[in-house]
Structure formats: structure tokens, C-alpha cells
Amino acid sequence: MGKTGNCQIGVSVHAVTDWASAAIDWRLFLQESWDDEKAVDEQAAAEVRARRARSAIPDETRHREKWRLALDMLDEVTGERGLPDRPVVADAGYGDATEFRLGLTQRGLTYVLAVSPAATAHPAQAVPTTAAWIGNGRPLGPRYADKPVDLKSLAIAAGRGAGKFVVWRHGSKNTPGNPTASMRSRFLALRIRPANRNIPRAQDGRPQECWLLAEWPSGAPEPIGYWLSTLPADIRLRDLVRLAKIRWRIEHDYRELKDGLGLDHFEGRAWLGWHRHVTLAAVAQAICTQLRRTPQAPAQA
């Protein structure tokens with residue numbers, strides 16, 4: 001996501017590999033203050049409509065949560081454009097949205113999403129039980145005997161010793177103590193079942209099992225990063241970590257897109273102007289990326 005004006009923010013989907021990323025779809029995120037249907041009274045609605053008219057915003061374009069826009073774009077790139085399904089990575093702004101995670105699963109897309117340590121879950125091995133029915137009222141379904149606990153507590157209960165050191169990539173700043181510039185930290189991966197009343201449950205009362213990945217560096221009193229993932233249960237820890245950390249590539253390239261290529265320089269309030277601006281910036285980045293991978297390029301792009 002990048003700020004591209006005083007009132008407008010773009011939500012984007014990127015294709016990413018270990019060596020490059022590219023923005024492949026965009027949506028304009030309209031805050032509620034730009035949706036006359038969300039106005040508190042008719043006078044406020046009229047003011048919003050006038051502002052929308054000046055910006056030439058189509059009437060069908062309304063405020064939608066960012067996670068909904070992200071799902072719309074994923075439908076577009078995997079459906080209309082025919083891109084193959086790949087794991088989805090995103091920051092906690094999306095990972096903490098249960099509806100977004102469920103939407104990905106409903107579409108058959110796996111994910112590795114950053115989440116807040118305050119999110120709650122049950123250990124995968126915990127089994128709900130059904131209370132004996134005494135003949136009064138509707139029989140109760142299976143329920144967990146214990147309340148769910150937050151992800152931080154689950155990781156700390158497992159202990160730092162449950163983790164393993166993983167090198168997920170090599171950087172460019174080598175030192176005498178790290179001649180290969182390896183990016184290395186300790187990670188622990190636990191099988192859990194996220195707890196939320198909106199998550200569908202099987203007949204035994206258990207929600208879907210998934211991975212909890214936590215980064216716990218040496219010297220840190222507790223983990224510093226958390227991810228939920230629906231990648232296969234037999235995935236290698238190194239592959240899980242690599243995908244969790246691959247967002248660095250997007251963030252690195254996005255800084256170039258915003259600053260070096262001018263995405264963040266747009267100050268207009270026009271619907272068409274915004275779309276033209278982000279399209280040209282994304283094309284410029286794609287060209288620069290291709291030049292970096294072209295041996296015949298006369299100079300470093």
C-alpha cells in the first residue's frame with residue numbers, strides 16, 4: 001500500500017520472487033469520508049457527492065475494506081488473467097482479518113500472513129469434548145474445555161529451545177564475522193487451530209489446522225514476529241521461513257516505486273489521473289527490473 005494523494009490510498013498486489021517483484025494490479029481505496037452512502041446526514045452526503053463529481057469518481061466505486069479489495073484483485077489476476085495460484089503473503093493489516101484468511105482458503109489459495117501476537121488459537125492436538133445431554137434443551141455441540149490463548153503465549157510455552165536456526169537468504173553486507181552476509185535467525189513452527197467464532201468448524205468442533213511461525217532471535221526475551229500459514233504440514237521449515245520473509249523484496253522495490261519512480265509524488269484528486277499515474281509508475285518499475293536481468297543492458301538500471 002502506498003499513499004498517493006491527500007485523500008486517496010492505493011492497494012496493490014505484487015508478483016514476487018527472491019530477486020524481484022512487480023505490481024500487477026491496483027485498486028483505489030476510498031475512505032468512508034469519500035462515500036456519500038456513509039454520510040451521517042443529507043447535507044454531508046451532498047458535500048461528498050460534489051467532491052466525488054469534481055474527482056470524476058464513478059458512482060459504483062464505494063468504500064470497501066482493503067482486504068476486500070485485495071480479494072477482488074486476486075480474483076482478477078488468477079481468474080481473468082489466468083495467473084497460476086501461488087501462496088499469498090501480506091502484513092498483519094491483512095493477516096489479522098479473519099475474513100481475508102477465510103476468503104483465501106475459499107479460493108483454494110494458501111498463505112503466509114503476518115499476524116498480531118494477540119490473536120488467539122488452540123493447540124492442534126487439543127480435542128473438543130461434548131457434554132453429556134440430560135434431556136433439557138438442545139444438545140450441545142463439541143467444545144474446547146480450555147479457552148484459546150494468544151499466539152505469544154503459545155510460542156513462549158513451547159520455549160526458545162523448540163526453534164531452529166534458519167538462513168533464509170544472503171544479503172549484500174558481509175562482515176568478517178559473517179562473510180556470506182547470511183540472514184539468519186531462530187524460528188519455531190507449531191501446529192495450531194486459530195480461534196474465532198467466524199471460522200468454520202468440522203463436525204468434531206475443531207477449526208482448520210495451520211502453522212504458527214514465530215521468529216525468536218538469540219538474546220530476545222520473546223518472539224519478535226508471528227505468521228499464520230496454510231502451507232502443507234510437511235513443508236520444510238526453511239521454505240516456510242523464506243516465504244514469510246519474502247515481503248522484504250516487495251518492500252524494497254516499493255520504496256523504489258514510491259521515491260525513485262515517483263509513485264508517491266501524485267498530488268491530484270482525479271480518478272483518471274490517479275490510475276494513469278500508478279500505471280506509468282508500475283510500467284517504469286517493470287522496465288527497470290527487466291533491464292537489471294538483461295545481460296545486454298548498456299548500464300545498470
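The values are calculated or read from the model by the stated rules, or taken from the named source; none is laboratory data. These figures come from a predicted structure and were not determined experimentally. Every residue, glycine among them, receives a Cβ derived from its backbone with ideal geometry; neighbour counts consider all protein chains shown. These area figures cover heavy atoms from the full protein model, side chains too; ligands, DNA and RNA do not enter into them. Shrake-Rupley method; radii C 1.70, N 1.55, O 1.52, S 1.80 Å.
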Give me the 1.4 Å probe accessible area per residue for the range 177-290, excluding ligands and nucleic acids, in Å². 52 Å²
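Restricting to the chain, compute how many DSSP beta bridges are antiparallel as a %, nearest 5.
So the antiparallel bridges in the chain amount to around 95 percent.
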In sequence order, calculated HN-Hα J values of the range 145-160 (Karplus, 6.51, -1.76, 1.60; Hz; x Gly/Pro): 6, 9, 6, x, 10, 6, 4, 4, 5, 4, 5, 5, 5, 5, x, 4
Order the peptides 64-74, 38-48 from the highest to the lowest mean number of other Cβ atoms within 10 Å of their residues. 64-74, 38-48
On the first, second and third principal axes, largest extent first, how far apart are the outermost C-alpha atoms of the range 162-210 in Å? 56, 21, 12
Excluding E47 itself, what net charge comes from residues whose Cβ is under 13 Å from its Cβ, given Lys and Arg +1 and Asp and Glu -1? +1
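Relative contact order of the range 25-166, please, whole-number percent, based on alpha carbon pairs below 8 angstrom and at least 6 residues apart.
Once divided by the residue count of the range 25-166, the mean separation gives 16 percent.
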Send over the semi-axes of the range 53-168's equivalent ellipsoid, whole angstrom and largest first, taken as the square roots of 5 times the C-alpha gyration tensor eigenvalues. 36, 24, 15
Using θ = phi - 60° and the Karplus relation 6.51 cos²θ - 1.76 cosθ + 1.60, list the HN-Hα couplings for the range 241-247 in order, rounded to whole Hz, with x at every Gly or Pro. 5, 4, 6, 4, 8, 5, 4
Give me the Å³ per residue figure for the convex hull around the C-alpha atoms of the range 1-91. 117 Å³
Here the Kirkwood hydrodynamic radius of the range 205-293, Cα-based and in Å, equals 16.7 Å
In Å and on Cα atoms, what radius of gyration and Dmax does the range 126-267 show? 21.2, 74
Assuming R0 = 35 Å, what is the FRET efficiency of A46 and Q106, from their Cβ-Cβ distance, to the nearest 0.05? 0.35
Looking at the chain, what % of the alpha carbon pairs are farther apart than 30 Å? 47 percent
